[in-house]
Amino acid sequence: FLLTRTTMDPRSTAQDLHRCDLCETIVHSYCDFCHVNLCKLCIGEHISDGYDKHKIVPFQERRSTLIYTKCGTHQHKNCEFECKSCNNIFVCSSCTASEQHRGHIFVDISTVYKAQKENIEKDTEELVNLISPTYEEIASDLENQLANLDGGYEKLTTTMSKQGEQWHREIDIVINRMKTEISEIKVKHRDILEKHLNEIKQIQSLIQQTLLAMEEIKKSTEVSSTIEYSSKIKEFRKLPPKVKFTMPTFIPKPIEREELYSLFGKIISLSSAIEENILSLNQPKALVRQLLDEPEIVATIQTGYERLRHVTCLNNGSIWTSGETNDIKCFNIEGSLLQTIQRKSGKFPSDIAVDCDGDLLYISVITRTVNKVKNGQIEELIILQGWMPGKLCVTSTGDLLVTMYSDDGTQSKVVRYSGSTEKQTIQFDDEGKPLYSGNSKSKYITENRNHDICVADSLAGVVTVVNQDGKLRWRYNGHPSVTKNKSFKPRGITTDSQSRILTADHNNHCIHILDQNGQFLRYIDNCDLKNPYGLCVDNNDNLFACEYNKGNVQKIKYLK
């Protein structure tokens, strides 16, 4: 039982839970000025002090009496009004009729009081239901970050150690390769020397035989042998060339520590993202999702294409795919074929996408068009002249971004369309230099959550990112790696809910993950991907990656 005043709802009828503050019997009334619980017998005692401000009310109506400030000018009156013309000062009824306040605007204080009470109630609700839990969540997140700090840095140093071990292995391979080369040179050297030595020894043997024959003739008195003697001195005077080989030499390159440091890897400096948040009771909380330590394939969809190029996601979990054939296929996540679009033009689609209504879009190079498939019917949205469409994506506002190249193959650009209307062209930086390489090679495109426009420029070996106004933000041309030794030629590109950018490294059989500022975060290289090409991410941040030669779409989980 509560033995003191309570803040329960005044409408509560559970009087047996409350006791008189003077004698602890069942409460009956309440002094709305002193805030004291009273039984019937104690009312008289409470007001017997002669204090004229006591206000006794039934217990159920407690805290219903407003306690007004006494007027400083008219001491016998309460200030029941607020003068808006005098900076909201409190005044009594006599003040309102005075010369000082003639023509002023007054508001009943009870009205202001009620409004403020409602504001306090709202503030309390927001503090209790939103702000306080949010602070607890932030504190909990910081505590978790501190708890995981040692483990995170241990993983970092472990990764470095693994890179060091890989370097040692690669250095050992290089050393052994050079030793093998030296051994092969040594064998060749020995063979040449032995060949020359054998030739010299044969001549030496012939000289000895000649000397012995000459000694016999000298001792002999036979006329015929002496007359028949033929001198070989002229032959022996033709001395063989003197063979002198210079030993192979190993010239070690000077070790440049800074160069080694940059080749070994790159430490992305500690950074913090501080965002100004304004909380609202109706505002959904953003979910922060970290990268998995080990991404994993959770499903494989066999499309039947021999050369699979493109994949795009639908909101219902199914995907559209296309390869180097004339058809476009739709599959569910179980790999069942749901629909096939047979196109009329002879060349395979250059790219595919899905618009905000869930309708399929595709590019036809033969007709230079961006087409839309709606209710089984194909309509041309955009028709180009003098330019050839390449790749496309649909923005968060429903616009289309299309990469294209000129007929002579010397220029490339990105054009934004609203429906069939051209709204924006992105082609040059602030210095008038081309943003994209001038050629017909693939330039996959996507829009990030921050409205940046990201283009994977394959032939240039670079990812180029501009803001929504077309201003260059940054470029990414790959990440140094001992194991990724083929040139970086990005193909497909996509983004996720965290504004991370993912691009397919076709030659090195992996996927690069970058943050929205172009900093390399990690590879997806543990899923045995082969020649990744087109990419897309669904609403749940599942990655779908095309394997060009295998014809499979791999569904990959890479976020926690």
Task: Number of the condition not met by residue 124 [criteria: (1) among the polar types (S, T, N, Q); (2) free of Cβ contacts under 8 Å to residues at least 60 places away in the same chain; (3) open to solvent by 70 Å² or more (accessible area, probe 1.4 Å)] - done: (3)
Task: Residue, nearest to residue 19 (Cα to Cα), within the stretch 31-51, restricted to residues that are in contact with a helix residue (DSSP H, G or I) (Cβ under 9 Å, 6 or more places away or on another chain) and without any contact (Cβ under 8 Å) to a residue 24 or more places away in the chain - done: 38
- [ ] Taking the residues in the stretch 494-517 that are among the hydrophobic types (A, V, I, L, M, F, W, C) and surrounded by fewer than 24 Cβ atoms within 10 Å (Cβ to Cβ) as candidates, determine which candidate is nearest to residue 309 (Cα to Cα).
- [x] 510
Open item on the list: Let me spell it out: the conditions are (1) surrounded by 12 or more Cβ atoms within 10 Å (Cβ to Cβ); (2) part of a helix (DSSP H, G or I), and residue 68 meets all of them except one. Which number is the exception?
Closed with: (2)
Task: Scope the stretch 149-163; condition closer than 23 Å to residue 289 by Cα and open to solvent by 100 Å² or more (accessible area, probe 1.4 Å); matching residues - done: 150, 153, 154, 155
Task: Boolean, residue 107 is surrounded by 11 or more Cβ atoms within 10 Å (Cβ to Cβ) and part of a strand (DSSP E or B) - done: yes
Open item on the list: Checking the condition touching a Phe, Trp or Tyr at 6+ places or on another chain (Cβ under 7 Å) and among the hydrophobic types (A, V, I, L, M, F, W, C), which residue from 514, 502 passes?
Closed with: 514
Open item on the list: Here's a check for you: in the stretch 39-65, which residue that is under 60 Å from the mean Cα position of the chain (by Cα) and among the basic types (Lys, Arg) is surrounded by the fewest Cβ atoms within 10 Å (Cβ to Cβ)?
Closed with: 63
Open item on the list: Name the single residue that is most open to solvent (accessible area, probe 1.4 Å) among those in the stretch 289-317 being within 16 Å of residue 543 (Cβ to Cβ) and outside any strand (DSSP E or B).
Closed with: 290
TODO: Among the candidates 483, 464, 446, single out the residue that is within 20 Å of residue 309 (Cβ to Cβ) and of a type in the set (S, T, N, Q).
DONE: 446
Open item on the list: Among (1) surrounded by fewer than 12 Cβ atoms within 10 Å (Cβ to Cβ); (2) charged (D, E, K, R); (3) in contact (Cβ under 8 Å) with a residue 12 or more places away in the chain, there is one condition residue 77 misses while meeting the rest; what is its number?
Closed with: (1)
Open item on the list: Checking the structure you have, find out if any residue of the stretch 133-141 is modelled with pLDDT under 90, surrounded by 12 or more Cβ atoms within 10 Å (Cβ to Cβ) and farther than 28 Å from residue 267 by Cβ.
Closed with: yes
Open item on the list: List the residue pairs whose Cβ atoms are under 9 Å apart, where the first residue sits in the stretch 241-254 and is closer than 16 Å to residue 196 by Cβ and free of Cβ contacts under 8 Å to residues at least 40 places away in the same chain, the second is assigned to a loop (DSSP other than H, G, I, E, B) and among the hydroxyl-bearing types (Ser, Thr, Tyr), and the two are 6 or more positions apart or on different chains.
Closed with: none
Task: Condition check for residue 391: of a type in the set (Lys, Arg) and touching a residue at least 24 places away in the same chain (Cβ under 8 Å) - done: yes
- [ ] Pairs only if they're at least six apart or on different chains, beta carbon under 9 angstrom, first in the stretch 153-171 and hydrophobic (A, V, I, L, M, F, W, C), second outside any helix (DSSP H, G or I); list them, first residue then second.
- [x] 156/267; 160/265; 160/267; 167/482
Task: Members of the stretch 300-340 that are among the β-branched types (Val, Ile, Thr) and touching a Lys or Arg at 6+ places or on another chain (Cβ under 8 Å) - done: 300, 301, 303, 321, 328, 333, 340
- [ ] Give the residues of the stretch 80-97 that are open to solvent by 70 Å² or more (accessible area, probe 1.4 Å), among the hydrophobic types (A, V, I, L, M, F, W, C) and within 30 Å of residue 29 (Cα to Cα), sorted by residue number.
- [x] none
Open item on the list: Checking the condition surrounded by 11 or more Cβ atoms within 10 Å (Cβ to Cβ) and at pLDDT 90 or above, which residue from 186, 201 passes?
Closed with: 186
- [ ] Output the strands (runs of 3 or more DSSP E) that fall wholly within the stretch 349-452 and possess 2 or more residues being within 31 Å of the chain's Cα centre (by Cα) and either of a type in the set (Lys, Arg) or surrounded by 15 or more Cβ atoms within 10 Å (Cβ to Cβ) (or both), or say none.
- [x] 352-354, 360-364, 369-374, 387-394, 400-406, 412-418, 421-426, 443-447
Open item on the list: within 26 Å of residue 109 (Cα to Cα), open to solvent by less than 30 Å² (accessible area, probe 1.4 Å) and at pLDDT below 90: is that true of residue 32 in this structure?
Closed with: yes
- [ ] Could you tell me whether residue 21 is free of Cβ contacts under 8 Å to residues at least 12 places away in the same chain, part of a loop (DSSP other than H, G, I, E, B) and farther than 30 Å from residue 88 by Cα?
- [x] no
- [ ] Considering every residue within the stretch 525-546, establish whether at least one is assigned to a strand (DSSP E or B), in contact (Cβ under 8 Å) with a residue 60 or more places away in the chain, over 21 Å from residue 303 (Cβ atoms) and aromatic (Phe, Trp, Tyr).
- [x] no
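A quick yes/no check of all residues on (1) out of contact with any Asp or Glu (no Cβ under 7 Å at 6 or more places or on another chain); (2) within 20 Å of residue 444 (Cβ to Cβ); (3) not hydroxyl-bearing (Ser, Thr, Tyr):
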{"site": "307", "(1), (2), (3)": "no, yes, yes"}
{"site": "321", "(1), (2), (3)": "yes, yes, no"}
{"site": "330", "(1), (2), (3)": "yes, no, yes"}
{"site": "339", "(1), (2), (3)": "yes, no, yes"}
{"site": "355", "(1), (2), (3)": "yes, yes, yes"}
{"site": "368", "(1), (2), (3)": "yes, yes, yes"}
{"site": "383", "(1), (2), (3)": "yes, no, yes"}
{"site": "404", "(1), (2), (3)": "yes, yes, yes"}
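The values are calculated or read from the model by the stated rules, or taken from the named source; none is laboratory data. On a predicted model such as this, the values are computed, not experimentally measured, just so you know. Note that we place each Cβ from the backbone using ideal geometry, even for glycine, and neighbour counts take in every protein chain shown. Ligands, DNA and RNA are stripped out before the accessible areas are found, and what is left, the full protein with its side chains, is counted by its heavy atoms. Shrake-Rupley method; radii C 1.70, N 1.55, O 1.52, S 1.80 Å.
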